[in-house]
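Scroll down for the structure; my scribbles are underneath it.
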Amino acid sequence: MTVEQTLAELVAIDSVSARSNAEIISYLRRRCEALGLTIQIFPHVDENGVEKINLVAQTSVCDSPVTESQTGVCATELALVGHTDTVPYDLNWTEVLTLTERDGKLFGRGACDTKAFIAAALTALESIDIAKLRKPLALVFTADEEIGCLGAKRLADAKPFTARHAIVGEPTSLQPMRAGKGYCLAHVTVRGREAHSAYPQLGASAIFRAAKLIGKIEAIAEEVKGDCHAGFDPPYTTINVGVINGGSAKNIIPGECRFTLEWRTIPGQPADEVLGRVRNAVAGLRQSDPDFACEIDADRADDSFETAADSELVQFLEKESGKPSGSVAFGTEAPSMIALDAQAVVFGPGNIRVAHRTGEFVPIDELARCVGILRAAIAHFCM
Ligand SMILES: [Zn+2]
């Protein structure tokens, strides 16, 4: 079966994150079983009552347990990781589930993000005599990447295997990406006291209070620019207040104001650094306004990641791709693979700039090159 045929079959299975990924997982399971791999299935029911499944397929299990305390945990040499879910699609996109070739490109939802990588990984493995592999290899297919890398996080928590090296499939135009910013989110609620707006002295404006705090947050955004990481554009942690809501009528002193606080951390900076500074700002505001009431609910703290430039996997992929390693600005499953002890690199065919949009595609030549590079990686690390 060619890599294009495999990709066409994967694209034909609708696997948007809101649906169960059971169908695409059972397809991948059949393909892995045909290769003689040992399958582990990790199902769970998501918060909407929908079944989501992670699949780990290994060439050999527990030939090399990590430590006695982790008996049963297999130390795999190389993990090829692809998420099975896709973002939603426009119903007017007629070729969305029918892989369509045009101008050297293959169009369809997931063609680029990230079914192309999955098809390349399967094709690479099918072209190798698995009996000749001396070190364990794992194919890892996850759920719910597009809604917060939830499947990979569950695997990192369950730790069914550890890995020395992990290639995390994402469209990077075959450039190895060895670092990525973290992603953190908090919901802030500032409270005041309602009153008739003709008598502001009887109340306390939650919006004026929130405005003061947001002014401090803007100053924090400037302060953290001093902490630089040259591998990123921009080279510092960025902060955004993306949504704000408050008040109930033009003539009421507002009693509540809520806003979102989002920040993307550079590697080396703790995920809670910004939150700590914001909490200090609140404490400062309380000194001049003892009633300043504010709740901060930290919602998400996805780690940044950085794999050393001289890591064997980075060096190998730089040589094979002919491209220097770089960094990604979007969230990936790499931190979860690092939690499973891996040197992790994000790598795959297609361009992230055409992902998540109608008309998503993968260039055929990149797809074919990816098969060759993954085959070389399996030979290099596992033979
Ligand atoms: Zn993706």
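The values are calculated or read from the model by the stated rules, or taken from the named source; none is laboratory data. Since the structure is predicted, the reported quantities are computational estimates derived from the model, not experimental observations. As a convention, Cβ positions derive from the backbone with ideal geometry for all residues, glycine included, and neighbour counts pool all protein chains shown. Ligands, DNA and RNA are stripped out before the accessible areas are found, and what is left, the full protein with its side chains, is counted by its heavy atoms. Shrake-Rupley method; radii C 1.70, N 1.55, O 1.52, S 1.80 Å.
The distance separating the Cα centre of segment 199-257 from that of segment 6-35 comes to 44 Å. For the chain, the longest principal axis of the Cα atoms and the long axis of helix 115-126 meet at an angle of about 30 degrees. So, R0 is 41 Å and r is the distance between the beta-carbons of residue 225 and residue 101; what FRET efficiency does that work out to, to 0.05? Efficiency for this residue pair is about 0.35. Under the simplified labelling scheme, the residue 45-residue 91 pair shows an inter-label distance of 2.8 nm, with each label point 7 Å from Cα along Cα→Cβ. Using the alpha-carbon atoms, what tilt in degrees (0 to 90, nearest 10) does helix 206-223 show relative to the longest principal axis of the chain? Roughly 50 degrees, rounded to the nearest 10. Computed on protein heavy atoms with a 1.4 Å probe, the accessible areas place 165, 356, 187, 44 in the order 356, 187, 44, 165, largest first.
Pairs exceeding 25 Å between alpha-carbon atoms, taken from 153/212; 181/216; 153/181: 153/212.
Considering only the other residues whose Cβ falls under 11 Å of the Cβ of residue 142, what net charge follows from Lys and Arg at +1 and Asp and Glu at -1? Summing Lys/Arg as +1 and Asp/Glu as -1 gives -2. In a DSSP loop and with at most 10 other Cβ atoms within 10 Å, the trypsin sites (Lys or Arg not before Pro) in segment 208-254 are 250.
Note on the chain: helix-only mean residue ellipticity at 222 nm, from DSSP H runs of 4+ residues weighted -39500 (n - 2.57) and normalised by residue number, equals -9500 deg cm²/dmol. By accessible area, using a 1.4 Å probe on protein heavy atoms only, the chain has 49% of its surface on carbon and sulfur. About its Cα centre, the chain has a charge dipole of approximately 380 debye under the convention of +1 per Lys or Arg Cβ and -1 per Asp or Glu Cβ, with nothing else charged.
For segment 95-145, trypsin sites (Lys or Arg not before Pro) are listed when DSSP marks them as loop and at most 13 other Cβ atoms sit within 10 Å of their Cβ; the list is 134. Figure note: 229, 83, 196 ranked by solvent-accessible area, largest first, 1.4 Å probe, ligands and nucleic acids not counted: 196, 229, 83. Taking Cα atoms only, the orientation of helix 3-12 departs from the longest principal axis of the chain by about 50 degrees.
Residues in the chain average 43 Å² of solvent-accessible surface per residue, probe 1.4 Å, ligands and nucleic acids excluded.
The alpha carbon centroids of segment 75-134 and segment 323-370 are separated by 11 Å.
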